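The structure under discussion appears below in the form of structure tokens.
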Amino acid sequence: MSPRRDRRKLSVGLPNAVREIEADVPEGEPAPWGPDSKLKEVGGRVPRVEGAEKVSGSARYTSDVRLPGMLYGKVLRSPHPHARVRRVDLGPAKALPGVKAALALAEGREVRYQGDEIAALAAVTEEAAEDALHAIRVEYEVLPFVTDLEAARAPDAPEAAEGPNVRPGRPNGRGNVEEALAAADARIEATYRTPVQTHVPLETHGTVAQWEGEKLTVWDSTQAVHRVRDSLAQRLRKDKNSVRAISEHVGGGFGSKLGLGASAVIAAMLSREAGAPVKLLLSRREEHLASGNRPSSVQVIRAGARKDGTLVALALASHGTGGVRAGAAGCSAPLEQIYPCPNIRVEHADVVTNSGPACAMRAPGFVQGAFALESAVDELARELGMDPLEFRRKNLRTDSALDEIRAREYEIGAERIGWSRRGKDGAGKGVLRRGLGMANGIWGGAGGPGPVVEVTVAKDGTADVAVGTQDIGTGTRTACAMVAAEELGLPLAAVRVRIGDSDLPFATGSGGSSTAPSVTPAVRVAAAQARAALLEAAAKILEAPLGSLEVSGGRVVVKGTDKSVGLFEAAGRHPGGVVTGRAERSGNYRSFSGRTAGVQFAEVEVDTETGYVRVVKVVAVHDCGRIVNRLAAESQVIGGVVMGLSYALMEERIMDHRTGLWVNPDLENYKVLGCLECPEIEPVMLEVWNAGNATGVMGLGEPPVVPTAGAVANAVANAIGARVRELPITPARVLEALGQA
Amino acid sequence: MRAFEYLSPKTLEAASAAVRTAPEGARIIAGGQDLLGELKERIATPGRVVSLKAVPGLRGIREESGSLRIGALATVQEVAESPLVREKAPALAEAATSVGTPQIRALGTVGGNLCQRPRCWYYRLADFPCLKKGGGTCFAVEGDSRYHAILGGGPCHIVHPSDLAVALVALDASVEVVGAKGRRTIPIADLYALPAVDASRETTLAPDEIVAEVSVPAGARSAFRKFREKLSLDFAVVAAAVALGPKGPRVALGGVAPVPWRSREAEAALGAKPVTAESAAAAATAALAPAKPLKNNRYKVPLACAVLRRTILAAAGVADPGPPAPPATPAPTKKAGEDF
């Protein structure tokens, strides 16, 4: 049953553009902080509360868990892109000293990508386990395969998995694109390509599993402890309360750790068979091959505009491969959502190939789509002879809060990067040529109901926040502490946060930029309830009606008298000297904008003789509603830009299509941006009073990775007067665009 | 990795003997920065690993009768930081500075750098039974060859990964090696052989021969430049070293051939005259004239040309006026980005 809601007036908007809206706020929830709220903790710059533990090495990640008698698990993986596993002979492996458990995982079934699981075993040392893997005998019937995206579309291509390789989705759109294009004053058509990218979390997937009787505990590197608990219980046919998932610290996930990982299931099965705890950590190669990826894309965009810059038509025909997983490669959202274009048509087909399955990766689809769209928009502006930023300004809606945010971000970014310095495309002379480019992003990030938080306040003036969410490196733990400290008037050091454990109250997975906007409102409401309970207790102690009390200097005072009691002392009235507030995140209420924009500007320097692109600076202007921790928000933006630059310039899965095998499942030739390639990154946070939930927070996990590649590609085109339409923008591609290779 | 016997003899002669007598093959280990990768991938499965760490006297860098003498166990970092090397053989110091990461330079040795195995992905991955591993085919010919050879390739198309070797070829260094028949000294260029000779190996050393010392004529003006896609850790896509010594210019390229590639064409183009912007450009063009790119590495030709031109100018101390006006090139037949 949904709680009663009270209609309230809320102040929302942007700095210097505040207005009031009416929203129905659930009873018992404090109104979101507005522009006039005087806040002590929220909005500050706070180093993460577990920072010292992390830099000193004492923070316990899954890989740090060591249990008495613990065994080491390893997985034997398919060396073939497509095969039927006729027989798995574990005998020779089991006969080796130190091998305690072995499982055949794929006997009798087809494996459809290099790296698919064939068998697993556990032994007393990692070395013994690895030696034993080599002793397993597998009989494969090698089957025809296809890994190349275009080859897989051919009518006579081998079937990669059950069903056709090409799986078209339902076209979507509005208006009439063909008529609008025919009537447009300027039009472009271009093909953009993006590679398969992998998540590359510093900490690979891994699990330590331990059975105690019928109870299973897993330490798992995950973005969703409750989902791991539930899914694992289901897979092992156990009840939920027999399984516990713990993830104290996570070394990154970026979407790849949102579901139940194979490592958790395999570790649990091995542990049960061996009767001992098992640690199973994936190698970097396994992580690349089999732990998910961002699908590739080929996007043909047609766009048309009127002379005055009004965008009148956008058409996208795309295909891409998420390996053996279909339905993951669509990328039309930015094209359908960013501009108020009246005529849009999108069509997409997923192409199934014999390579590792895709999974969610930081702004799935949006990153690929924004690169192509924002490149095309620049090409269209160039066709019209318009400045690309001016072109985008012409295409803002006048009745949209999101476009009001975007317009402000244009203004801030243009000023910070020095957009007025921008010359015409390719106007520079000399070997090294500078260019400026910019691009838009878009994301949701409003969060939603689900998380349940308990805030327990003790009479000694400390508080405990308990919620089964997880901190995947984004600063969730610190944000929860700050919000609770704010609401309770406590110093940050007096608040302890417990997360990362499925024995704690339920919380949703950390994906979709939903953690901060879903969890922090419930923290605030639970803290407010605890505070209300303290006041009620104080009223009883002071024998005065609630309405006669005020809080001043940490004490509850009966107005106009000298009768008072310490706010937290009042908890002494309750059993155990503690009061607990418990809140469930309510549904979103009316907000200023239910979505986030984000605009980035890049300056590059291109060596026209070698094709090397040096990014000089990125200005990233982002909104995320109310900012809880400014330091963490800026770090989040910087991290997103780094990932976006890495995608723009370096990252790429490279396959040998004749054998169907990866040639760069490592970090040597799968290149990830390093410290020397990182430019100056200037994060600019545009605070928006957004309402929508009790803290007014919006998510910021995904937005900063969306615009980056487009901004870089546009800056490169501005520098050299030629366009690279395929990521990554390598020296080879730049030289070819320049007609030199 | 496969289990092995580990020996740590006290002399190079004993080390050589330990390799010679190993019943199931042996490999030498110094810094281990290269060998461990091969062992972990099980593309090397020696029954014995012979460490040089206990052999005394292999670490120093000193000057002796006009030459720098660098022990095989001197670390890459020691070479990079050595005031002697920086002054008397700047190309070598620059090459050392460009190697790997600070961690790799701190452990990697000069001897190991010269004898390291290629980075070719078809070689490094056990999945590919390539020519170099005794298989029947070079996968780069039909496969992804973006980082492979444009000069001297065939039947195997690796590029030699050593940066130090490129500088040493330009500097006309020689190498002292110890083996069953005692010590011998060979010009650095003769340390390497093309795959046409034997695709399974890159050096001319007998299996039990060990690099003991490198000798570098001191004092030539020289420079080294390396182009990599990722500055913070990458092997050369293209490297170049140029020395302008009393016997005339010596030019070497890295990242383009299965051996550190000496370009006599470039040397001839430079001749004995002072280097000018024009002669540097002409020499670079001459060096790349024999290039035969594979399917995916045509870009390395203009890239190597640019890097070499810049390196020649740097060695000569001539300001870089930028590249000469390009000759009329046919319009690209492919759309941007295709094929790579």
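Laboratory data are not the source of any read-out in this text; all were calculated from the coordinates shown. Treat the numbers as computed from the prediction; the structure is a model and nothing was measured. Heads up, the Cβs are rebuilt from the backbone with ideal geometry, glycines too, and the neighbour counts pull from every protein chain shown.
Couple of notes before you dig in:
Quick grid of which residues meet (1) touching a residue at least 40 places away in the same chain (Cβ under 8 Å); (2) in contact with a Ser or Thr (Cβ under 9 Å, 6 or more places away or on another chain):
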position	(1), (2)
A:L260	no, yes
A:G304	yes, no
A:L311	yes, no
A:V324	yes, yes
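- Test result for B:S222, in contact with a helix residue (DSSP H, G or I) (Cβ under 8 Å, 6 or more places away or on another chain) and not in a strand (DSSP E or B): no
- Subset tally (residues that are more than 13 Å from chain B (Cβ to nearest Cβ), surrounded by fewer than 15 Cβ atoms within 10 Å (Cβ to Cβ) and under 24 Å from A:H319 (Cβ atoms)) for region A:104-150: 1
- Taking region A:628-741 as the region of interest, the helices (runs of 4 or more DSSP H) fully inside it that hold 1 or more residues being within 22 Å of the chain's Cα centre (by Cα) and more than 30 Å from A:R585 (Cβ to Cβ) are A:630-649, A:708-720.
- Residues located in region B:92-150, provided they are touching a Cys at 6+ places or on another chain (Cβ under 8 Å) and more than 13 Å from chain A (Cβ to nearest Cβ): B:L131, B:K132
- Single residue of B:L294, B:L303 found to be under 19 Å from the mean Cα position of the chain (by Cα) and within 14 Å of another protein chain (Cβ to nearest Cβ): B:L303
- Where strands (runs of 3 or more DSSP E) fall wholly inside region A:202-293, the ranges with 2 or more residues that are in contact with a strand residue (DSSP E or B) (Cβ under 7 Å, 6 or more places away or on another chain) and of a type outside the set (A, V, I, L, M) are A:206-212, A:215-220.
- Strands (runs of 3 or more DSSP E) wholly inside region B:1-97 containing at least 3 residues that are within 24 Å of B:G134 (Cβ to Cβ), aliphatic (A, V, I, L, M) and in contact with a strand residue (DSSP E or B) (Cβ under 6 Å, 6 or more places away or on another chain): B:26-29
- Answer residue from region A:14-34, given it is in a strand (DSSP E or B) and touching a helix residue (DSSP H, G or I) at 6+ places or on another chain (Cβ under 8 Å) and is surrounded by the most Cβ atoms within 10 Å (Cβ to Cβ) among those: A:L14
- For the condition part of a loop (DSSP other than H, G, I, E, B), of a type outside the set (G, A, S) and away from chain A (no Cβ under 14 Å), B:H160 qualifies.
- Note on region B:162-211: residues that are in contact (Cβ under 8 Å) with a residue 12 or more places away in the chain, farther than 18 Å from B:I28 by Cα and surrounded by fewer than 23 Cβ atoms within 10 Å (Cβ to Cβ) total 11.
- Qualifying residue in region B:115-127 (condition: more than 21 Å from B:Y192 (Cα to Cα) and crowded, with 23+ Cβ neighbours inside 10 Å): no
- Subset of region B:270-291 [assigned to a loop (DSSP other than H, G, I, E, B) and within 14 Å of another protein chain (Cβ to nearest Cβ)]: B:A291
- A:A372 falls short on exactly one of the conditions (1) within 14 Å of chain B (Cβ to nearest Cβ); (2) surrounded by 22 or more Cβ atoms within 10 Å (Cβ to Cβ); (3) out of contact with any Ser or Thr (no Cβ under 9 Å at 6 or more places or on another chain), and that condition is (3).
- Meeting the requirement of 1 or more residues that are over 18 Å from A:R582 (Cα atoms), the strands (runs of 3 or more DSSP E) wholly within region A:432-478 are A:432-440.
- Selection status of B:E63, within 14 Å of chain A (Cβ to nearest Cβ) and surrounded by 14 or more Cβ atoms within 10 Å (Cβ to Cβ): no
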